[in-house]
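The values are calculated or read from the model by the stated rules, or taken from the named source; none is laboratory data. Quick caveat, the model's predicted, so the values are computed rather than measured. Every residue, glycine as well, gets a Cβ built from its backbone with ideal geometry; the counts of neighbours run over all protein chains shown.
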Amino acid sequence: MAIMDSIKGLFGKFSGGDSAPQVDRAALEAQVRASELFKLLPSENIQAMLDHMAPKKVKAGQAVITQGEEGDFYALIVEGKAKVTRTEPGRPEPQLLAELAPPAGVGEDALLSNAPRNASVVMIDDGLVMHLSRDAFNDYVKEPVLTWYSAVDALQKVKGGAVWLDVREGRELSDNLAGAVHIPLTVLRNRLAELDNAKEYICYCENGRFSSSAAFILHSKGLKAGVLRGGLRRMKQRGA
């Protein structure tokens, strides 16, 4: 079945009023499972995620996400086209980066990089968007696919051929681990080609927050990755 045929069943007809749109859960689940971001999730996590997604009607010209704002939710556009724009320094007008046709997921970059939104997504048509909060995204999407290693286990992995991946910013690197590859989380998606698909990467930062996002990005792209539990801070405390 073509994507546009299947997407028609995602929701009932709705007017411009304030009544909540009715979403076809089975059709929505099929679209979610087809997404690269969610394809490796256990079924129970997909069900929990769907339970926590809130439908929102949107109008043409309305922003789904806005450049510069904090990333506090993931959005799945299930009806209506949208455009992706970015405002660059010295350019007063937003630059068009892409147009999106449903189903299209947006907003995960800010959730995973813990950085402000790097672009805006604005509706071209009236439509329907499903929102998933940051907490629900972390609980049901990110955490289930992560592998956490204690300092002792991580060191054993590295001795066996795994590679440290330091995802901190450059100013933090006075205590980097021997042999570590350094790619800051903020640019990790753009530098994935530098990593070896045959290797496992043990991601680390100061406390595990950024490194867990890095490991999720690697995992979603088919690379093997784990996380140093508690980051360098805990490793230092325990003298590993």
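Only a single criterion out of (1) under 20 Å from ARG134 (Cα atoms); (2) in a loop (DSSP other than H, G, I, E, B) is not satisfied by LEU177, namely (1). Of the residues making up the range 191-211, those that are in contact with a strand residue (DSSP E or B) (Cβ under 8 Å, 6 or more places away or on another chain) and either among the basic types (Lys, Arg) or modelled with pLDDT of 90 or more (or both) are GLU194, LEU195, ASP196, LYS199, GLU200, TYR201, ILE202, CYS203, TYR204, CYS205, SER211. For the range 115-132, the count of residues that are under 13 Å from the mean Cα position of the chain (by Cα) and closer than 18 Å to PRO55 by Cα is nonzero. Among the residues of the range 169-185, is any within 16 Å of the chain's Cα centre (by Cα), closer than 21 Å to GLY107 by Cα and surrounded by fewer than 18 Cβ atoms within 10 Å (Cβ to Cβ)? No, the conditions are met nowhere in the range 169-185.
Of the residues making up the range 180-203, those that are part of a strand (DSSP E or B), out of contact with any helix residue (DSSP H, G or I) (no Cβ under 6 Å at 6 or more places or on another chain) and β-branched (Val, Ile, Thr) number 1. When PHE137, PHE210, PHE216 are checked against the criterion of being buried (at least 16 other Cβ atoms within 10 Å of the Cβ), assigned by TED's automatic domain parsing to the domain that holds ALA110 and either closer than 21 Å to LEU41 by Cβ or not basic (Lys, Arg) (or both), a single residue qualifies: PHE137.
Taken over the range 204-228, the criterion of being farther than 13 Å from TRP164 by Cα and outside any helix (DSSP H, G or I) is satisfied by GLU206, ASN207, GLY208, LYS221, GLY222, LEU223.
The rows are residues; the columns are (1) more than 23 Å from ASP126 (Cβ to Cβ); (2) surrounded by 15 or more Cβ atoms within 10 Å (Cβ to Cβ); (3) modelled with pLDDT of 90 or more; (4) not assigned by TED's automatic domain parsing to the domain that holds ALA119.
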| residue | (1), (2), (3), (4) |
| --- | --- |
| PHE38 | yes, yes, no, no |
| LEU41 | yes, yes, no, no |
| LYS57 | no, yes, yes, no |
| TYR74 | no, yes, yes, no |
| GLU79 | no, yes, yes, no |
| LEU97 | no, no, yes, no |
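Among the strands (runs of 3 or more DSSP E) confined to the range 66-158, the ones with at least 3 residues that are free of Cβ contacts under 8 Å to residues at least 60 places away in the same chain and not aliphatic (A, V, I, L, M) are located at 82-86. In the set (1) at pLDDT 90 or above; (2) more than 23 Å from GLY231 (Cα to Cα), the condition left unmet by GLY105 is number (1).
Consider the range 81-95 and keep the residues that are of a type in the set (D, E, K, R) and out of contact with any strand residue (DSSP E or B) (no Cβ under 8 Å at 6 or more places or on another chain). The one that is nearest to VAL122 (Cα to Cα) is GLU93.
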